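Input: a single structure, listed below in structure tokens.
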Amino acid sequence: MRPRVYGYLPALREAGIEARVEPFLSDAAFARFYAPGPAGFLWKAAGSAAGYARRRRLLSDLGGYDAILVHREAVPRGNRPVLRRLRESGIPLVYDLDDAIYMRPRDFVAGGEDSLRSMNRGKDPGEVDAFLAGADLVLAGNGILAEHAREVGARRVVVLPTPVDAEAFRPPEHPRPGSGPPLVGWIGSPTATYCLREIAPALAAAAERIPFRLLVIGSSGPVEVPGVEVIRRDWALETEAADYASLDVGLYPLPDNPWTRGKCGYKALLYAACGTPSVASPVGVNLEYVRDGETGFHARTPAEWTDRLLRLLGDGTLRARMGAAGRRFVEERFSYPVLAPVLVGALREAAR
């Protein structure tokens with residue numbers, strides 16, 4: 001929600017569009033939403049109850065809006081009645097989709113993996129298709145999501161990639177330290193930790209040749225890589241940009257399945273914006289966002305993961321060249337100045 005909604009607010013104001021953002025969760029509830037154990041359950045329950053109350057108040061008075069945009073979902077469960085109320089209002093409805101949430105991600109993760117604990121069991125993917133078919137305009141984060149929207153009856157679809165704040169996410173002002181082991185990193189969410197664990201043996205094999213440190217931010221639990229110092233931290237908005245800029249190499253592993261093919265590749269774009277070459281699975285938009293041999297490398301097999309990582313770790317000149325190419329790629333195609341006019345035009349058309 002942050003890059004696809006909040007990040008556009010300055011550009012919308014500049015275009016003369018007044019936007020009011022109404023998140024489902026409060027800041028306090030969101031900060032504790034992934035907390036483990038009974039305390040986490042209580043925070044989810046209390047935060048969700050307050051969120052439903054706010055939604056009821058909002059839906060009771062929808063006057064004065066030229067268009068309404070729903071990002072992903074209006075409520076965690078029970079979106080069909082919300083959709084009916086929005087349609088009854090007669091206000092043009094824009095639906096923004098940046099993930100294949102018309103599927104259940106749990107269906108693609110092996111049992112016993114602790115990433116499952118962070119995946120919601122109660123969502124109804126069919127509610128997403130209802131929004132896609134009921135909206136006046138769908139903003140889809142990539143072509144795969146756009147194709148699905150058209151298949152389920154979307155009236156009008158505009159492909160709008162997730163934008164990058166290229167002013168905040170940028171290469172470090174000073175060169176990365178040349179002494180000491182390089183820093184390899186993965187920055188993600190608890191629900192995706194299993195993707196990193198799948199390449200742990202390949203990372204360990206690379207470390208036998210060239211030692212490195214591994215920064216893991218946002219994981220659901222410990223990530224063990226034999227022979228590698230793993231630095232694990234929670235994700236924080238205040239340090240996110242600096243964390244990406246601190247890396248020598250970024251990792252973006254994904255299994256190839258219908259769920260991962262719908263991802264919008266935001267992690268790959270943030271690596272590139274910070275001048276960090278990455279090794280990524282060639283899945284979905286990663287085929288385009290990570291230009292193999294130019295801004296990073298693709299890796300399919302464990303042997304390829306080891307080989308591609310070693311090539312980057314062993315050649316600082318190559319890392320610098322790929323990092324500069326990635327930075328240009330993001331500035332030219334995925335920055336707010338490039339994508340904001342697309343959103344402004346789409347919203348104005350929907351409002352008319």
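The values are calculated or read from the model by the stated rules, or taken from the named source; none is laboratory data. Predicted model, so just to flag it, every value in this text is computed and none were measured. All Cβ positions, glycine included, derive from the backbone under ideal geometry; neighbour counts span all protein chains shown.
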Taking into account only those residues within the stretch 52-70 that are charged (D, E, K, R) and in a loop (DSSP other than H, G, I, E, B), which is modelled with the highest pLDDT? Asp66
Filter the stretch 144-153 down to residues that are in contact (Cβ under 8 Å) with a residue 40 or more places away in the chain and either among the acidic types (Asp, Glu) or in contact with a strand residue (DSSP E or B) (Cβ under 7 Å, 6 or more places away or on another chain) (or both) and give me whichever is nearest to Leu93 (Cα to Cα). Ala149
In this structure, does Glu88 turn out to be among the charged types (D, E, K, R), within 30 Å of Glu167 (Cβ to Cβ) and exposed (fewer than 13 other Cβ atoms within 10 Å of the Cβ)? no
Just to be sure, is Arg170 touching a residue at least 12 places away in the same chain (Cβ under 8 Å), touching a Cys at 6+ places or on another chain (Cβ under 9 Å), closer than 30 Å to Glu331 by Cα and of a type in the set (D, E, K, R)? yes
Taking only pairs six or more apart or across chains, which ones have beta-carbon atoms under 8 Å, a first residue in the stretch 327-351 that is over 23 Å from Ala245 (Cβ atoms) and in contact (Cβ under 8 Å) with a residue 24 or more places away in the chain, and a second residue that is in a helix (DSSP H, G or I) and of a type in the set (Ser, Thr, Tyr)? Ala340/Tyr8; Leu343/Tyr8
Among the residues of the stretch 189-207, write down those that are within 16 Å of Arg300 (Cβ to Cβ) and either of a type in the set (Gly, Ala, Ser) or outside any helix (DSSP H, G or I) (or both). Ile199, Ala202, Ala205, Ala206
Exclusive hit being farther than 18 Å from Leu269 by Cα and outside any strand (DSSP E or B), set Pro181, Pro172: Pro181
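This table checks each residue for (1) modelled with pLDDT of 95 or more; (2) basic (Lys, Arg); (3) under 18 Å from Leu270 (Cα atoms); (4) not assigned by TED's automatic domain parsing to the domain that holds Val157.
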| residue | (1), (2), (3), (4) |
| --- | --- |
| Thr295 | yes, no, yes, yes |
| Arg300 | yes, yes, no, yes |
| Ala303 | yes, no, no, yes |
| Asp315 | yes, no, no, yes |
| Ala320 | yes, no, yes, yes |
| Ala324 | yes, no, yes, yes |
| Ala340 | yes, no, yes, no |
| Leu343 | yes, no, no, no |
| Ala346 | yes, no, no, no |
Taking into account only those residues within the stretch 329-352 that are part of a helix (DSSP H, G or I) and out of contact with any helix residue (DSSP H, G or I) (no Cβ under 9 Å at 6 or more places or on another chain), which is surrounded by the fewest Cβ atoms within 10 Å (Cβ to Cβ)? Gly345
For the stretch 257-305, enumerate the residues that are polar (S, T, N, Q), in contact (Cβ under 8 Å) with a residue 24 or more places away in the chain and over 16 Å from Arg319 (Cα atoms). Asn257, Thr260, Ser281, Asn286
Across the stretch 295-352, which residue is farthest from Leu254 (Cα to Cα) among those that are among the polar types (S, T, N, Q) and within 20 Å of the chain's Cα centre (by Cα)? Ser335
